[in-house]
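The values are calculated or read from the model by the stated rules, or taken from the named source; none is laboratory data. Here the structure is a predicted model, which is why all the values come from computation and not from measurement. As a convention, Cβ positions derive from the backbone with ideal geometry for all residues, glycine included, and neighbour counts pool all protein chains shown. These accessible areas exclude ligands, DNA and RNA; they are computed on the full protein's heavy atoms, side chains included. Shrake-Rupley method; radii C 1.70, N 1.55, O 1.52, S 1.80 Å.
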Amino acid sequence: MQQLNRIGESFWYLTPVSETDRPILGMVVGNDLTLMIDAGNSEAHAQLFLEKIAEQNISKPDLVVLTHWHWDHIFGLSALKNALSISSVDTKEEMLKLSTYEWTDEALDQRVQEGTEIEFCASCIKKEYGDQRNIHIALPKITFKQRMEINLGGVTCILKHVGGDHAPDSIVIYIKEEKILFLADCIYADIFSPKRNYTKKRTLELIKQLEEFDAETYILSHWKAITKEEFLQETQLLKSIAHYTETCRGNEEKIKEEYGQSLNRELTEDELETIEYFVNGYHIRT
Ligand SMILES: [Zn+2]
């Protein structure tokens with residue numbers, strides 16, 4: 001059951017669904033304008049969001065910003081015709097490519113076989129849509145390259161391109177007065193490769209940019225809102241494993257051993273998975 005939660009005065013978000021890969025959708029409510037963050041993985045997802053905000057007497061979004069090109073963040077855009085849509089130049093370019101695709105089971109299966117789609121997304125699309133594949137890719141109206149600032153009236157949103165392994169076009173949204181940084185998927189691994197992976201270079205560059213924001217709450221689209229302390233734990237984990245991957249030259253057993261020794265305890269599932277992804281990245285990119 002998806003819930004609309006509130007943080008501070010001006011920020012609301014709809015909780016995610018892992019089964020069909022619905023990400024968190026955000027809403028920033030200013031005195032003059034409202035800004036929705038991400039459009040959802042289907043028109044039904046976007047529609048549910050509109051119903052939930054209407055229940056709270058919040059007006060429909062005037063603006064909608066897309067965090068990156070992945071289907072689960074953009075397929076709902078066609079249901080948000082009255083909102084002015086915004087994305088980075090790179091996101092729009094990737095969406096243009098998607099707009100030429102077909103989304104039937106056959107077309108999806110074929111792309112999975114060719115390696116241009118991954119099984120995880122294909123199966124989530126099938127689950128989200130069933131037989132009703134009403135997928136019409138609407139394109140963003142306004143694009144920006146590096147940074148854009150929008151004053152919604154009493155609340156300011158800074159949209160900034162940060163990139164990263166997950167999607168090179170990733171942007172984050174900083175809601176200044178609330179000290180919220182909407183990370184979307186930017187700190188996740190690259191899932192569109194034969195093997196999920198992280199690279200040291202991109203991870204460290206990304207974290208450096210994220211640390212420049214003075215935030216207290218961080219939103220991870222397929223998880224939840226986390227505190228600064230939790231964010232620092234996540235980034236410390238990524239930094240440490242990036243470091244050991246380099247010094248152990250991508251040797252998985254050695255990384256586990258040395259990282260485990262540094263912590264003086266057994267490694268968690270999450271840590272082991274992160275090590276695996278860095279090892280994959282080390283061997284793919286070097
Ligand atoms: Zn993504």
Looking at the structure I just gave you, is SER88 of a type in the set (S, T, N, Q), more than 18 Å from GLN2 (Cα to Cα) and within 16 Å of the ligand (Cβ to nearest atom)?
yes
Output for segment 100-117, where each listed residue is in a loop (DSSP other than H, G, I, E, B) and not charged (D, E, K, R):
THR100, TYR101, TRP103, THR104, GLY115, THR116
Give me a count of the residues in segment 261-286 that are surrounded by fewer than 14 Cβ atoms within 10 Å (Cβ to Cβ) and of a type in the set (Gly, Ala, Ser).
1
Just for segment 107-124: of the residues that are surrounded by 14 or more Cβ atoms within 10 Å (Cβ to Cβ) and in contact (Cβ under 8 Å) with a residue 60 or more places away in the chain, which one is nearest to HIS68 (Cα to Cα)?
CYS121
Is there a residue being buried (at least 23 other Cβ atoms within 10 Å of the Cβ), β-branched (Val, Ile, Thr), out of contact with any helix residue (DSSP H, G or I) (no Cβ under 8 Å at 6 or more places or on another chain) and over 16 Å from HIS222 (Cα atoms) anywhere in segment 36-56?
no
Scanning for something touching a residue at least 60 places away in the same chain (Cβ under 8 Å), within 14 Å of ILE171 (Cα to Cα) and open to solvent by 50 Å² or more (accessible area, probe 1.4 Å), does segment 72-91 turn up at least one residue?
yes
Restricting to segment 57-69, and then to whatever is open to solvent by less than 10 Å² (accessible area, probe 1.4 Å) and in contact (Cβ under 8 Å) with a residue 40 or more places away in the chain, can you tell me which residue is nearest to the ligand (Cβ to nearest atom)?
HIS68
Sole residue being open to solvent by 60 Å² or more (accessible area, probe 1.4 Å) and more than 16 Å from the ligand (Cβ to nearest atom), chosen from GLU234, GLU149
GLU149
Residues of segment 94-106 satisfying the condition of being touching a residue at least 40 places away in the same chain (Cβ under 8 Å) and open to solvent by 20 Å² or more (accessible area, probe 1.4 Å):
GLU94, LEU96, SER99
Quick one: in segment 204-231, which of the residues that are touching a residue at least 60 places away in the same chain (Cβ under 8 Å), hydrophobic (A, V, I, L, M, F, W, C) and surrounded by fewer than 19 Cβ atoms within 10 Å (Cβ to Cβ) is farthest from the ligand (Cβ to nearest atom)?
ALA225
Any residue in segment 234-256 that is under 22 Å from TYR218 (Cα atoms) sitting within a Cβ distance under 8 Å of a residue that is in a helix (DSSP H, G or I) and among the polar types (S, T, N, Q)? List the pairs, counting only those 6 or more apart or interchain.
LEU237/THR274; LEU238/THR203; LEU238/THR274; LYS239/THR203; SER240/SER262; ILE241/THR274; ALA242/THR203
Residue by residue through segment 166-191, note down the ones that are of a type in the set (D, E, K, R) and away from the ligand (no atom under 11 Å from the Cβ).
LYS176, GLU177, GLU178, LYS179
Taking segment 5-32, which residues are open to solvent by 30 Å² or more (accessible area, probe 1.4 Å) and more than 21 Å from ILE74 (Cβ to Cβ)?
ASN5, ARG6, ILE7, GLY8, GLU9, VAL29, ASN31, ASP32
Taking THR247, is it open to solvent by 60 Å² or more (accessible area, probe 1.4 Å), of a type in the set (Ser, Thr, Tyr) and more than 30 Å from ARG147 (Cα to Cα)?
yes
Residues of segment 153-179 classified as among the small types (Gly, Ala, Ser), over 10 Å from THR67 (Cβ atoms) and in contact (Cβ under 8 Å) with a residue 60 or more places away in the chain, total:
2
Among the residues of segment 190-203, is there at least one that is of a type in the set (Val, Ile, Thr) and open to solvent by 20 Å² or more (accessible area, probe 1.4 Å)?
yes
